[in-house]
Amino acid sequence: GKQVFKRTKPHLNVGTIGHVDHGKTTLTSAITKVLSGKKQAKFRKYEDIDNAPEEKSRGITINTYHLEYETDLRHYGHIDCPGHADYIKNMITGAAQMDGAILVVAATDGAMPQTREHLLLAKQVGMPLENIVVFLNKADEIPDQETLELVEMEIRELLTEYGFPGDKVEVIAGSALCAVEGKVPELGEQKVAKLLNTLDTKFIIPNRDLNTEPMMPAEHVYSIQGRGTVATGKMERGTFTRNDKVQVVGYGKDIDSVISGLETFHKTVEKAEPGDQLGILLRGLGPKDLRRGMVILPQGHKHVCTDHAKAQLYVLKPEEGGSKRPIANFFNEHVYSLTWDTGCLVTLSGKDFLMPGDAAEVQLQLAAPMFIEPQQRFTLRMEGKTIGTGVFTHLLP
Ligand code: GDP
Ligand code: MG
C-alpha cells in the first residue's frame with residue numbers, strides 16, 4: 001500500500017515576551033504575514049491576536065493566543081499574551097510552556113521593568129538559556145545607528161545579568177509595524193525573516209524526557225498478600241525495568257529497594273516509559289515504609305530532599321476561586337506538589353501581605369523534607385480551596 005507522509009520537522013514552542021506596548025502582538029502578526037507568503041502560516045490580524053480567549057490553568061484565568069507556523073526547517077507553536085499579568089501567570093503555572101522566547105524591546109524605550117520581570121521568570125522556570133533572541137523593535141522611529149547600538153549594548157548587559165549568554169544572543173533591529181504594513185522591507189519583512197532564521201538555527205530543541213533520570217511519585221500504596229508492597233502512579237520521566245535498584249524518598253526517609261514487578265492496567269510491562277500509569281512492586285518493603293507522596297528514584301541519584309525552598313507564587317483572585325483574604329507573612333498553609341502535601345510556613349520578602357492577584361518571590365518552610373526540584377510546580381490550599389499556585393525556583397539548605 002501507499003506510505004503515509006509524515007511530518008518530520010522538529011517542533012518547538014516559542015513566545016513573544018517583553019514590556020507592554022513594545023510590539024509583541026504586532027511582531028506576532030508580522031511573523032504570520034511574512035510566512036503566509038510562503039503558505040507556511042495563516043495570516044493573523046493584530047485584533048485577532050490581541051483578543052486572546054480566556055483559558056483556565058490550575059484554576060487561574062489566563063489570556064493567551066496560540067498560533068502555529070512552520071519554516072523550511074521547523075514547526076513552531078507560538079504564544080502571545082495581551083497583558084503583563086497573563087505572562088506572569090502563564091510562566092508561574094506552566095500553562096503554555098515556552099522552549100524559547102522572542103524578547104521584544106522597543107528601541108525607543110530600551111529595557112523596562114516588565115522586560116526584566118519576564119527575563120527573570122523565563123530563567124527561573126527553566127527555559128533553556130540559549131533559546132532567546134532579541135527583536136529591537138520600532139527601529140523606524142530611530143534615525144541614527146548610534147542609538148540602536150546603545151540600546152543593544154544595554155540589552156546584552158541585562159541578559160548577562162540574568163544569566164543568559166548576553167554576548168552571543170542575536171539582536172535584530174527592525175520594525176514589526178513595517179512588516180505588517182508591507183513597508184520598508186529592509187526594516188520590516190527582511191528583519192522578520194532574519195528573526196525566523198535565528199529561531200531555526202540558534203534555538204536548540206530541548207531534551208524530551210526518555211533518557212533522563214527516572215522518577216515516579218507514588219499516588220497510592222497497597223500490599224499484596226505474600227508478594228510485597230505496590231506503589232501506583234504515573235511515570236514522570238525516564239524509564240524503569242524489572243530488577244532496577246531504586247530508592248524511595250520523601251517525608252525525611254530514603255529506603256532502598258528493588259523493582260520486582262512492573263504492571264500497567266494489570267498487564268506486565270517490560271519497560272515503563274514517561275506517561276505510563278504504573279504499579280511498581282517493591283521488594284522487601286512493608287506498607288509502613290511507603291506512603292503517598294514519596295518518590296521512586298534510581299539508587300545513586302543525587303537528589304537531596306529539603307524542607308526549605310524559594311519559589312515564585314501567584315495568589316488567586318476570588319473570581320479565580322481564590323480567597324478574598326491576603327496571604328500574610330509567616331502564615332501557615334498547606335502545600336501540594338507532585339503527589340505529596342504537607343503543612344508549610346510562607347515567608348514573604350519585604351512585605352507583610354500578598355493580595356489576591358499578586359505575584360511575588362516567597363520562601364516556603366515545609367513540615368518535612370520532601371522531593372523538590374527547581375521548576376517543580378505546587379499549589380497552596382486552605383480550607384479545601386486553592387489560594388495560590390507557584391513554582392519552586394531554588395532549594396535552600
Ligand atoms: P505589545 O503590548 O507589546 O503587544 O505591543 P503592540 O504590538 O500592541 O504595539 C504597541 C504599539 O506600538 C501599537 O500602537 C503598535 O502599532 C506600535 N508598534 C508596534 N511595532 C511598531 C514598530 O515597529 N514601529 C512603530 N513606530 N510602532 C510600532
Ligand atoms: Mg500585545
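Checking TYR69 against (1) crowded, with 20+ Cβ neighbours inside 10 Å; (2) farther than 30 Å from PRO374 by Cβ; (3) touching a residue at least 60 places away in the same chain (Cβ under 8 Å); (4) in contact with a helix residue (DSSP H, G or I) (Cβ under 7 Å, 6 or more places away or on another chain), which single condition isn't satisfied?
For TYR69, the failing item is (3).
So, of the residues in segment 72-111 that are surrounded by fewer than 18 Cβ atoms within 10 Å (Cβ to Cβ) and part of a strand (DSSP E or B), which turns out to be nearest to ligand 2 (Cβ to nearest atom)?
By that ranking, first place goes to GLY77.
Listed here are the residues, each with its yes/no results for (1) under 25 Å from GLU319 (Cβ atoms); (2) among the hydrophobic types (A, V, I, L, M, F, W, C).
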site: LEU73; (1), (2): no, yes
site: TYR76; (1), (2): no, no
site: ALA85; (1), (2): yes, yes
site: ASP109; (1), (2): no, no
site: PRO128; (1), (2): no, no
site: LEU136; (1), (2): no, yes
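Hey, among the residues in segment 220-244 that are out of contact with any Ser or Thr (no Cβ under 8 Å at 6 or more places or on another chain) and part of a strand (DSSP E or B), which one's modelled with the lowest pLDDT?
ILE224
Looking only at segment 7-42, count every residue that is within 9 Å of ligand 1 (Cβ to nearest atom), hydrophobic (A, V, I, L, M, F, W, C) and either free of Cβ contacts under 8 Å to residues at least 40 places away in the same chain or surrounded by fewer than 24 Cβ atoms within 10 Å (Cβ to Cβ) (or both) and tell me the total.
1
Just to check your reading of the model, which residue among ALA139, ALA52 is among the small types (Gly, Ala, Ser) and in contact with a Phe, Trp or Tyr (Cβ under 7 Å, 6 or more places away or on another chain)?
Exactly one residue qualifies, and that residue is ALA52.
Can you tell me which residue is modelled with the lowest pLDDT among those in segment 257-284 that are part of a strand (DSSP E or B) and surrounded by fewer than 13 Cβ atoms within 10 Å (Cβ to Cβ)? Full working, then the answer.
Of the residues in segment 257-284, the ones part of a strand (DSSP E or B) are 257-264, 267-268, 271-272, 277-282.
Keeping just the survivors that are surrounded by fewer than 13 Cβ atoms within 10 Å (Cβ to Cβ) gives 267-268, 271.
Numbers: LYS267: 83, THR268: 88, LYS271: 90.
The extreme case among them is LYS267.
For the structure I just gave you, tell me whether ILE296 is within 17 Å of PRO217 (Cβ to Cβ), assigned to a strand (DSSP E or B) and either in contact with a Ser or Thr (Cβ under 8 Å, 6 or more places away or on another chain) or among the acidic types (Asp, Glu) (or both).
The answer is no for ILE296.
Across segment 118-173, what is the number of residues that are over 27 Å from ALA96 (Cα atoms) and among the small types (Gly, Ala, Ser)?
Counting residues in segment 118-173 that are over 27 Å from ALA96 (Cα atoms) and among the small types (Gly, Ala, Ser) gives 2.
Within segment 341-397, track down each residue that is closer than 24 Å to LYS253 by Cβ, hydrophobic (A, V, I, L, M, F, W, C) and outside any strand (DSSP E or B).
Residues satisfying the conditions are PHE371, ILE372, LEU396.
Step by step: first the residues of segment 112-165, then only those that are surrounded by 17 or more Cβ atoms within 10 Å (Cβ to Cβ) and within 16 Å of ligand 2 (Cβ to nearest atom), then the one that is modelled with the lowest pLDDT. Which residue is that?
Only one residue fits best here, namely GLU117.
The values are calculated or read from the model by the stated rules, or taken from the named source; none is laboratory data. Since the structure is predicted, the reported quantities are computational estimates derived from the model, not experimental observations. So basically every Cβ, Gly included, is an ideal-geometry build from the backbone, and we count neighbours across all protein chains shown.
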